[in-house]
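Computed from the coordinates by the stated procedures, all read-outs in this text should not be read as laboratory data. All of these numbers come straight from a predicted model, not from anything done at the bench. Quick reminder, even Gly has a Cβ in these numbers, built from the backbone with ideal geometry, and neighbours come from all protein chains shown.
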Amino acid sequence: MRANLARHGRRLLVCQARTAPSCAVYATPARRRSIAPRPRLRATSERTFISNLLQKPPREVRQPEYEPGWLQIMLWRSHMLDNVRPPPRAELFESWKKLMQHKVNSRTPLNSTQALQCRRLLEYLSTPKPNQPMRPLTHSDLSYARQALLQVEPIERTQHHLDFAKSLYSVWMSRDFPKTPKAVELQWTYLVKAMARYGASREAVKMLYEKWAQPEYALYLTQEDRLLEAVARGLSREGCEAELVELIQYAEDHQVPYDIGLQAIIVDFFAQRDRIAETKHWFNKPVAGKLPRPSVYRSIASFAMRNNLQEWATSLFLELGELQPRQKHWNVILQAILILGKSLAEVDVMMSHMVHGKLQLSPDTRTINDLLRVAVEQRDVALGEDILALAAKRGIAPDGETHLVLFFLRLATNNLVEAREAYKQVRHIQPWTLETKQHLFGEFSKAVNAYLVALAAQQQPDFKLISSLLEAVEEDRIRLEPATVAALCLRFLENDQHFDVMDILSIHSFLYSEAEREIVQSAFVSFCLDPSTSTNRAWGAYQLLQQFFQDTSFERRVELMKGFFRRKRSDMASHVFGHMRAHRNKSYHPTAETYITCLEGFARYPDPEGLDMVHNMLKMDTSLQPSTKLYTALMLAYTGCGQPLIALDCWTQITQSREGPSYATLEAIFWTLEKKSGGHNQARQIWDRMERMDLDIPPAVYNAYIGAIAGSGNEKEIRALLLKMASVVGSEPDAMTLGIAYNALPGQLLQKGFQEWAKGRFPDAWAELMKVGRRMDEYSLCQFKIERPLKA
C-alpha cells in the first residue's frame, strides 16, 4: 500500500495545475457530491404516538399459492434428493388424492413437471418396503390420476405425461385389484388413448394393430371408446400423414367403414395444409350413410377461399341446401356465403329458404354467433355491425356467447375501448354456466389473456384497469398464460410496481411447469439485460427473479452477472455470483470459467469488497483446482482493484506451478507492474528471461511490456521499444500500442512530449487513436478511451 501511495503522490506532483490543452476538449468535469443541508431544529414537537397509530400499515407480500397436495409432493421430492427421511406414506397418499381430485374437479390439466413428479411418487408408493406395513394403492387412487390425464384437455403434451400413463398401467396390471369383466381390456384402452393424446400416436397405432384381430378388443375400436378415431386424431395432430392414411385404409380392409368421424379428421388434416387433390379425394369419398359433419363443411369453405376454389365449394353447398339438412348444416351454409366472398344480403335471403323436410327453420342466436365468428376470422368490424343489425331486424336477441364473440372481434381489431364493454357483458352473463356451453369458459380465458396483453402493450397502459382485471381473473379462477404474466410483469416493473409483480407471480408462477416458468424467466432476464432498462430497475427485476425463480438456469445467471458488469455495477454482479455459489443445487455452483469471468469483470470495473468475497469463495471451493488461467484472472482482478502486491503473489504461484505462465499471464504481469511503483525493474527481468528463452512474442504481450516501462515514466525507453517493435513481433505499433503507452505515462509533460513524437513518427496509428476520444482520470491525467482486452 505504501508503494501505491507513493506512486499516486508522485503522479500528483508531476501533474500541472491546469489541464493540458490537447485534453481539455475531452475532459469531463469531476462530479461533486452535494452536501446535504443541516436540518433545522423544529420549534414544535411531533406527536409520534398518534402519528404511528394513524399511519397506513405496510402492504403485505402475498404468499405463494399452490394446488392442493402439490407442495407436499414437492417437499417429498426435495427430501428424497437430500437423502432426508421422507414424509409418512399416509400423508403422501392424502397429497396424491387431493391433487388428483382437484385436477378432475377444476378441469385443470397436469403440467409436465407435475406429471414427472407424480410418476416418481407413484413408483415410490407402489414399491414395497421390507418389514414395514404399507397401505396399498387402491383402484380409486389410480382412477383419479387416469381421469386427470384423459378427461381434462391438456395444455402440454410431453414425454413426462406418457411415462406417467405407462406407470399407471404397469402399476394397475401388477397389483391384485379385483378383476371385473373387461377390466384388462379397459385399462389397455386407457393406455392407448393416453399415447395418442400426449404425442405417441405412432406407438398407439402399433398397439391397435397388435390387438385388432382379438374379438375382446375389437369392440373398443369403433363403438364404446372409439379408439380408432382417437388414434387418428392423434396422428393428425402430430402431422403423421403416412400413418394416418395407412390406418384408415387398414380399417377399411378389416371391415371397419370410413365414417364421418374419420372423414372429419383426415379432410381437416389435408385442408389445413392446402393439399387440394387429397382434400377433394377424402371429402368426396363415400361416407357410411350420413352427411359430413358441419365442421367439415366449415373447413372446406375456408380451404376453398384460400385456394381459389369458390366455384367448386359453391356447388357443394348448393347440393347440401337441396338436401334440406338440419339447423347446424344450414348455419354452415350461411357462414360459407360470407367466407366465399358473397354479401350479407345473400345471407339474409338464404335465411328465408331454410327448411328441414317439411319444417321451416328460422335463424337463431347460434346462427348469428356463427356468422360473427366469420367476421372475427376476417377482422371485419363493419361486417360484425351489419350482422348485429340483421339479428335485430329478425328479432334475434344476443346472448352471452354473442358478447364473447364480439369481445374477440374488438380484440382482433385492437378496439380496446369497446373490448372493455364486451368484457363486462360477458362476465356479467357468464354463458359458460350453462351445461351445454361449458366450453366457452376456455374461450373466455383465451380472450382475457389476449386483452391483458393488448393493454400491457399500450404506450401508456391503464394500470388501474389492469389491476382491476387481475382481481377479476383471480375471482374467476382464470389461468393466465406464461406469456401474459411475462408481459404484465415487465410493464409493472417499468412503472416500479414491485408489489404488483410479486402478487401476480405468487398467484400464477407456481402453477406452471418448468418449461412454462422459463418463458417468464426469459422475459425477466431480457429486461435485466436490456441496455435501455435503468440499473435500478434491472436490479429490482433480478431480486424478484431470485426470489420467485430459484430454478433460473445456470447459463442465464452467468449472463445476468455479465450484464451487471457491463453496467459497471460490480457490486451487483458479485451478488449474482454469490447467489450462484449459495444455491442448494450444486449444478448451479460456479465453475472455473465462471470464476474467471467474474474476476475479469473486477479487472475492468473494480470492486475490492466483491473481489474479497469471491476470492474467499474460491478458497473454500473444494471442487476446483487452481490453474494458471485462474491465477491469471486473480492477477487481473487485484491489479484492477489497485492491489498489485497481491497480484504479484499470484504470479509467484504461477511460476512455481507445473503448468507455468501463459501468454495471457505475461500480459497480466506486465499490466500489474505498470500499476506498481518501480515495476519497470521487474518487468525488464521478466523480459530478459523471455528473450533468453527465445519465445515468440505476440503484439499484445509486447504492448503490455511497453505499458509496464511507461508506468515508471521512462519515455525515451518507450520510444526505443516502439521503433524496434516490428523486428520483435513482426508488426508496427498500432493505435492500441500508442494508447497504452500514452495512458501509462505518469505526468502531463511526459504525455505531451510523447504525443508530439508519436504524432510525427506514427501519423496513421496516432490518427486512428484520436478517433476513440479521451477523458480525465482521478489524477487529472488525460486518458484515451481504449478498451484493453483483459482476458485470462
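Using Rg/Rh (Cα atoms, Kirkwood Rh) as the read-out, say which of [x] 1.05; [y] 0.99; [z] 1.10 was calculated from these coordinates.
Read-out from the structure maps to [z].
Please tell me which of these pairs span more than 30 angstrom C-alpha to C-alpha: Lys562/Lys675; Lys98/Lys166; Lys342/Lys424?
Lys342/Lys424
Using Cβ counts within 10 Å as a stand-in for footprinting exposure, how do Val332, Val287 rank, fewest first?
Val287, Val332
What is the extension gain from Arg62 to Glu241, computed as 0.36 nm multiplied by their sequence separation minus the C-alpha to C-alpha distance, in nm to one decimal?
59.5 nm
What FRET efficiency, computed as 1/(1 + (r/R0)^6) with R0 = 60 Å and r the Cβ-Cβ distance, is obtained for Ser174 and Ser468, rounded to the nearest 0.05?
Efficiency, rounded to the nearest 0.05: 0.70.
Anything over 19 Å Cα to Cα? Flag those among Lys290/Lys328; Lys568/Lys791; Lys129/Lys586; Lys182/Lys206, in the order listed.
Violating the 19 Å Cα-Cα cut-off are Lys129/Lys586; Lys182/Lys206.
Between Thr138 and Arg604, what is the label-point separation in nm under the 7 Å Cα-to-beta-carbon projection?
Reported label-point gap for Arg604 and Thr138 is 6.3 nm.
Sort out for me the Cα centre separation of region 184-234 from region 618-679, rounded to whole Å.
Comparing the Cα centres of region 184-234 and region 618-679, I get a distance of 67 Å.
Along the Cα→Cβ direction, 7 angstrom out, place labels at Arg273 and Val381. What is the inter-label distance in nm?
Each label point lies 7 Å from its Cα, and together they span 3.9 nm.
If I take R0 = 22 Å and measure r between the Cβ atoms of Ser526 and Glu475 in this structure, what FRET efficiency does the formula 1/(1 + (r/R0)^6) give, to the nearest 0.05?
Computed FRET efficiency for Ser526 and Glu475 comes out at 0.10.
Under 15 Å from a point 7 Å along the Cα-to-Cβ line of Asp734: which residues of region 753-792 have their amide N that close?
764-772, 786-790
If you take the beta carbon distance between His102 and Ser657 as r and set R0 to 60 Å, what does 1/(1 + (r/R0)^6) give as a FRET efficiency, to the nearest 0.05?
0.50
Check cross-link reach from Lys437 to the aspartates and glutamates: straight Cα distance under 19 Å, and skip same-chain residues fewer than eight apart.
By straight Cα distance, Lys437 reaches Glu153, Asp364, Asp370, Asp399, Glu401, Asp476.
222 nm [θ] for the chain, helices only, -39500 (n - 2.57) per DSSP H run of 4+, per residue, to 500?
-20500 deg cm²/dmol
Modelling each spin label as a point 7 Å along the Cα-to-Cβ direction, I'd like the Glu210/Ser362 distance in nm, to one decimal.
Result: 5.8 nm between the two label points.
Residue farthest toward the positive end of the dipole of the chain, with Cβ of Lys/Arg at +1 and Asp/Glu at -1: which of Gln643, Leu372, Gly69?
Gln643
Relative to the longest principal axis of the chain, what angle (0 to 90°, nearest 10) does the C-alpha long axis of helix 748-761 take?
Result, in degrees: 80.
Looking only at region 633-662, which residues have a backbone nitrogen under 14 Å from a spot 7 Å from the Cα of Gln625 in the C-beta direction?
657-660
Once the Cα atoms of helix 241-253 and of the chain are each reduced to a long axis, what angle between those two axes, in degrees from 0 to 90 to the nearest 10, is obtained?
20
May I ask you to sort Asp259, Asp253 by Cβ crowding, counting other Cβ atoms within 10 Å and putting the fewest first?
Asp253, Asp259
If I stretch the segment between Glu319 and Thr433 completely, what's the gain in nm (0.36 nm per residue apart, minus their alpha carbon distance), one decimal?
37.3 nm
Order of Ser623, Ser106 from fewest to most other C-beta atoms within 10 Å?
Exposure proxy ranking, most exposed first: Ser623, Ser106.
Considering region 662-792, what Rg and Dmax in Å follow from its alpha-carbon atoms?
Spelled out, the Cα radius of gyration and Dmax of region 662-792 are 13.8, 40 Å.
Could you run the Karplus curve 6.51 cos²θ - 1.76 cosθ + 1.60 with θ = phi - 60° over region 606-612 and give me ³J(HN,Hα) per residue in whole Hz, x for Gly and Pro?
So the J values, rounded to whole Hz, are x, 7, x, 5, x, 5, 4.
Subtracting the Cα-Cα distance from 0.36 nm times the residue separation, let me have the gained length for Ala515 to Glu756 in nm, one decimal.
Stretched out fully, the Ala515 to Glu756 stretch lengthens by 80.6 nm.
Quick one: angle between helix 89-106 and the longest Cα principal axis of the chain, in degrees between 0 and 90, rounded to 10, please.
Its long axis makes an angle of about 60 degrees.
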